[in-house]
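Asks: Here it is: the structure, laid out below.
The values are calculated or read from the model by the stated rules, or taken from the named source; none is laboratory data. On a predicted model such as this, the values are computed, not experimentally measured, just so you know. With ideal geometry, Cβ positions are generated from the backbone for all residues, glycine too; neighbour counts draw on all protein chains shown. Heavy atoms of the whole protein, side chains included, go into the accessibility calculation; ligands, DNA and RNA do not. Shrake-Rupley method; radii C 1.70, N 1.55, O 1.52, S 1.80 Å.
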Amino acid sequence: ADESSKEMATVLAWNDLKNVYVDLSPPVAPNFSFDVTGDYLAQAQEFAKIMNAFVAESEAFATDLQTSYIGAKQTYDNASLEHKDKKKLCDESQELFEISYCQWLAGAESALDKHEDCWETGSDSFNLVKSTVLNSGEQRKHEYAAMQKILCFVQMLQQSFDPNATDTAAMRTAACDGLAVSTSFLDLVNLDIPHQSTPDFGNLTLKPGDVAWNHTHYAALPKKAPVAPVMACAGGATSTQGPESSYSLY
């Protein structure tokens with residue numbers, strides 16, 4: 001908006017400069033004719049007086065014209081310089097924005113690629129470890145069940161020396177043989193791979209060099225402050241011109 005206002009100030013200053021000759025009215029040349037029957041000396045003196053006045057008016061007009069032109073020219077030069085400086089700053093800001101955006105997008109796309117590679121590697125490692133852990137878990141269950149039966153038989157032997165025992169050795173042996181050992185506490189959990197989430201950039205993938213870039217990010221800019229040619233991101237299309245202005249300073 002600031003660039004647009006400075007360009008408008010330049011336009012107004014240019015119009016004022018062009019209208020300097022219009023705004024000032026030059027003196028009208030005198031229309032004098034000699035009377036051949038009259039007094040030549042008196043007429044010559046009168047003519048000289050009129051011409052002196054005309055010359056004085058012309059000099060005053062020339063002075064006013066020069067003063068007005070110099071003032072208008074200075075105003076135009078100042079406005080034009082301010083507009084050029086502001087446009088340069090805007091163009092530099094635009095370039096920095098586009099370069100930074102391209103760098104961010106390249107980094108985001110690289111991070112996404114690394115994320116997918118990491119996910120694939122992690123998935124393979126998960127499946128490999130899962131198979132090993134499940135096998136190890138089953139072994140632990142068998143070991144635990146075997147240990148509990150061994151303890152049962154050890155207790156059976158201890159009871160065989162107890163004179164007060166009421167059950168027979170066969171009963172105790174059958175109890176140990178049919179012992180149901182619970183190994184549920186050794187069950188493994190979290191055996192499924194977490195759901196893979198894929199980042200969605202949405203319209204953030206739109207980048208400098210794309211046809212829709214200008215009309216998306218620069219559409220709201222004033223027509224009297226058109227954007228500079230857009231530099232495409234590396235690997236993209238060639239440079240593209242922003243929305244064109246229908247305005248011509250001259």
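Asks: So what is the diffusion coefficient of the chain in µm² per second by Stokes-Einstein at 37 °C and 0.692 mPa s, using a Kirkwood Rh over Cα pairs?
Replies: Translational diffusion coefficient: 111 µm²/s.
Asks: Calculated from DSSP H runs of 4 or more alone, at -39500 (n - 2.57) each and per residue, what is the 222 nm mean residue ellipticity of the chain, nearest 500?
Replies: On the way: 5 runs with 158 residues, N = 250.
Computed ellipticity for the chain at 222 nm equals -23000 deg cm²/dmol.
Asks: How big is the shadow of the Cα convex hull of segment 59-153, averaged over all directions, in nm²?
Replies: Directional mean of the projected Cα hull area for segment 59-153 stands at 10.4 nm².
Asks: Near K149, which lysines are there with a Cα under 17 Å away, not counting those fewer than 8 places off in the same chain?
Replies: Partners within reach: K141.
Asks: So what does H217 come to for accessible area, using a 1.4 Å probe and Å² rounded to 10?
Replies: Accessible surface of H217 is approximately 80 Å².
Asks: Now for a separate question. Write down the accessible area per residue of segment 46-173 in Å², having rolled a 1.4 Å probe over the full set of protein chains.
Replies: Dividing the accessible area of segment 46-173 by its residue count gives 72 Å².
Asks: Please find the FRET efficiency linking T63 to M8, where r is the Cβ-Cβ separation and R0 is fixed at 45 Å, and quote it to the nearest 0.05.
Replies: Details: r = 31 Å, r/R0 = 0.69.
Approximately 0.90, to the nearest 0.05.
Asks: Moving to a separate point now. Looking at segment 1-82, which chymotrypsin sites (Phe, Trp or Tyr not before Pro) are DSSP coil and have at most 15 other C-beta atoms within 10 Å of their C-beta?
Replies: F32, F34
Asks: Restricting attention to segment 185-237, which chymotrypsin sites (Phe, Trp or Tyr not before Pro) occupy a DSSP loop and are surrounded by at most 11 other Cβ atoms within 10 Å?
Replies: F201
Asks: Over all directions, average the projected area of the Cα convex hull of segment 131-214 and note it in nm².
Replies: Values: hull surface 38.5 nm².
About 9.6 nm², averaged over all directions.
Asks: Then there's this: Once the piece of chain linking H115 and M147 is laid out straight, how much longer is it, given 0.36 nm per residue of separation minus the C-alpha distance between them?
Replies: Going from the current span to full extension adds 7.0 nm.
Asks: Can you find, among L96, I50, V189, the residue farthest towards the positive end of the dipole of the chain? Put +1 on the C-beta of Lys and Arg, -1 on that of Asp and Glu.
Replies: About the Cα centre, the residue reaching furthest to the positive side is V189.
Asks: Pulled fully out, how much extra length does the chain show between F97 and F54, if you take 0.36 nm times their separation in residues and subtract their Cα-Cα distance?
Replies: Between F97 and F54, full extension yields an extra 9.2 nm.
Asks: Is there a pair in K6/K73; K18/K49; K18/K88; K87/K223; K73/K223 whose C-alpha atoms are over 23 Å apart, and which pairs would that be?
Replies: Details: K6/K73 16 Å; K18/K49 34 Å; K18/K88 26 Å; K87/K223 13 Å; K73/K223 26 Å.
Checking Cα-Cα distances, K18/K49; K18/K88; K73/K223 exceed 23 Å.
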